[in-house]
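See structure below.
The values are calculated or read from the model by the stated rules, or taken from the named source; none is laboratory data. What you are looking at is a predicted structure, and each value in this text was computed from that prediction instead of being measured. Every residue, glycine as well, gets a Cβ built from its backbone with ideal geometry; the counts of neighbours run over all protein chains shown. What goes into the accessible areas is simple: the full protein's heavy atoms, side chains included, and nothing from ligands, DNA or RNA. Shrake-Rupley method; radii C 1.70, N 1.55, O 1.52, S 1.80 Å.
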Amino acid sequence: MDDVILCPFIQKYITELKQHPREYSYSGVCDSNPDDCSTSSPSPRLGDRFTLHAPYCKTYLRWEIIFNKHFPHLPPDLVLDCGSTGTAGSMWFDVTKCRTLQTWERQQGSFAALLEEVLQQFRAYQEELVCSYPNERLHYEYNTVCGIKGVEFFMKSEEAEQRVRLMIPLTVDFSAVFSMLLGQSWAGEQCHFFVEFGVRDGTRDSSSTMYIVHSEIHWPTLLVPFAWLVDYKYPVFALSGGNCLIQFIPELESCINTVISNKLGRYCRRKELCETLVALFGHPLEYDAHQYTSISFLFNMELAFLVHVTMGENMTNYPAEAPLVQLSSVSAADVTSGKAVPIRCRLQKFDYEPSMSAVEVCTHIRNKLLEVQVEFADICEAYMNKAVK
């Protein structure tokens, strides 16, 4: 779209799209011929129409939005497509039931409201397809979750069976995450449980007529850089053993809330410890500014050496366990293996309790360093003397 300048009144609608929580996207400006909306046509472009990609149930619905540059007060024409189903909009969209089109006004929020009405009709059409398909287990799962606000269904045909997708919003509190990690207020972005079923025609409640193709948790886009926060082996949904979605969803929500709360709590403790170490020892040589799992300092005492403090969950389960503190030589090296490598020594048995404050932990680390610095200098000197011989 960089080579086309959209009309000013359309730019306003594009701004609405960028701010919408559904994360609409747009591309491929249509040309001036309403009967040919391809971007390859050589006819003059007016910048009054574009292709909209509406996210729905982990797929995208491709809609052509056609305004009229010469009559900007008129509502847009819509060329609707159902994405991978290939079903034309005329099959499911009833313009007479679209209140926003019938009472179109060029005002803030009107375009977003129009898109939501179109999506509501598409969602209702998909639910009709699910309800009309002869599979009792599918009907049972649908009836138990259809009342959940924001749930989405999507049905598509394969060669020998139907595929039914469900996207179920999960009740998870991300307010602390957005505040602490992103420095902004939580606007209500949610994660979703996505599951795709393969279903066959069957009137009996049998697992042979319905199975799980794929399932996953879909996280808010803003949390993608913080994958470590939600990285966990969550419960897996299965159709066997009397399991059903309406029982599984609360279990999954509880697990996610617990995992995020625990990991965020450990993150805060690690961050506090790093900040306290900096206040006590001065500017660090390097540190993990993303998860606060490690930090290193250069010390000049009896001997110059590095101190590495590790709090990463793969190394030590801080604060349940003490942080790992390791000394590393700067000028001396261990050459016994034929290669010169720094001399390393782990700081052992300094006072630690999980209930200690960050200041207490750092003070005990400092006291232990003062206690062992002479011993570490002697070890380094012994290695250097051995290298000379």
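Screening Phe197 on (1) in a helix (DSSP H, G or I); (2) aromatic (Phe, Trp, Tyr); (3) at pLDDT 90 or above shows it passes everything except condition (1).
This table checks each residue for (1) under 28 Å from Cys274 (Cα atoms); (2) in contact with a Cys (Cβ under 7 Å, 6 or more places away or on another chain); (3) not polar (S, T, N, Q).
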position: Leu327; (1), (2), (3): yes, yes, yes
position: Gly338; (1), (2), (3): no, no, yes
position: Leu347; (1), (2), (3): yes, no, yes
position: Tyr352; (1), (2), (3): yes, no, yes
position: Ser355; (1), (2), (3): yes, no, no
position: Cys362; (1), (2), (3): yes, no, yes
position: Val374; (1), (2), (3): yes, no, yes
position: Tyr383; (1), (2), (3): no, no, yes
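Which residues, taken from region 200-216, are open to solvent by 50 Å² or more (accessible area, probe 1.4 Å) and modelled with pLDDT under 90? Result: Arg200, Asp201, Thr203, Arg204, Asp205, Ser207, Ser208.
Picking from residues in region 257-302 that are open to solvent by 50 Å² or more (accessible area, probe 1.4 Å) and of a type in the set (Gly, Ala, Ser), the one that is nearest to the chain's Cα centre (by Cα) is Ser261.
When every residue of region 233-247 is checked against the conditions, at least one turns out to be open to solvent by 40 Å² or more (accessible area, probe 1.4 Å) and either outside any loop (DSSP other than H, G, I, E, B) or in contact with a His (Cβ under 7 Å, 6 or more places away or on another chain) (or both). Taking first residues from region 213-228 that are part of a strand (DSSP E or B) and partners that are small (Gly, Ala, Ser) and open to solvent by 40 Å² or more (accessible area, probe 1.4 Å), no Cβ contact under 9 Å between residues at least 6 apart in sequence or on separate chains turns up.
Which count do you get for residues in region 268-292 that are basic (Lys, Arg) and either over 15 Å from Val325 (Cα atoms) or in a loop (DSSP other than H, G, I, E, B) (or both)?
2
Against the conditions (1) outside any strand (DSSP E or B); (2) under 19 Å from Glu353 (Cα atoms); (3) in contact with a Ser or Thr (Cβ under 9 Å, 6 or more places away or on another chain); (4) open to solvent by less than 30 Å² (accessible area, probe 1.4 Å), Ala322 satisfies every one except (4).
Here the helices (runs of 4 or more DSSP H) wholly within region 81-178 that include at least 2 residues being of a type outside the set (Ser, Thr, Tyr), modelled with pLDDT of 90 or more and open to solvent by less than 40 Å² (accessible area, probe 1.4 Å) are 110-132, 136-145. Quick check on Thr316: is it in contact with a Leu (Cβ under 8 Å, 6 or more places away or on another chain), under 30 Å from Leu181 (Cβ atoms) and modelled with pLDDT under 90? Criteria met by Thr316. Residues in region 35-53 include at least one that is open to solvent by less than 40 Å² (accessible area, probe 1.4 Å), modelled with pLDDT of 80 or more and in a loop (DSSP other than H, G, I, E, B). For Lys368, which of the numbered conditions (1) more than 25 Å from Ile295 (Cβ to Cβ); (2) assigned to a helix (DSSP H, G or I); (3) open to solvent by less than 90 Å² (accessible area, probe 1.4 Å) fails to hold? All conditions are met except number (1). Screening Val224, Val230 for residues that are within 15 Å of the chain's Cα centre (by Cα) and surrounded by 14 or more Cβ atoms within 10 Å (Cβ to Cβ) leaves exactly one candidate, Val230.
Filtered by the rule that a residue be hydrophobic (A, V, I, L, M, F, W, C), in a loop (DSSP other than H, G, I, E, B) and either surrounded by 13 or more Cβ atoms within 10 Å (Cβ to Cβ) or within 39 Å of the chain's Cα centre (by Cα) (or both), region 336-360 gives Leu347, Phe350, Met356. Close contacts from region 271-295, counting a first residue that is free of Cβ contacts under 8 Å to residues at least 12 places away in the same chain and within 14 Å of Leu306 (Cβ to Cβ) and a second that is open to solvent by less than 60 Å² (accessible area, probe 1.4 Å) and not in a loop (DSSP other than H, G, I, E, B), with Cβ to Cβ under 6 Å and a gap of 6+ residues or different chains, come to Glu286/Ser296.
Would you pick out the residues in region 111-149 that are more than 30 Å from Ile14 (Cβ to Cβ), within 28 Å of the chain's Cα centre (by Cα) and not charged (D, E, K, R)? Within region 111-149, Tyr142, Thr144, Val145, Cys146, Gly147, Ile148 qualify.
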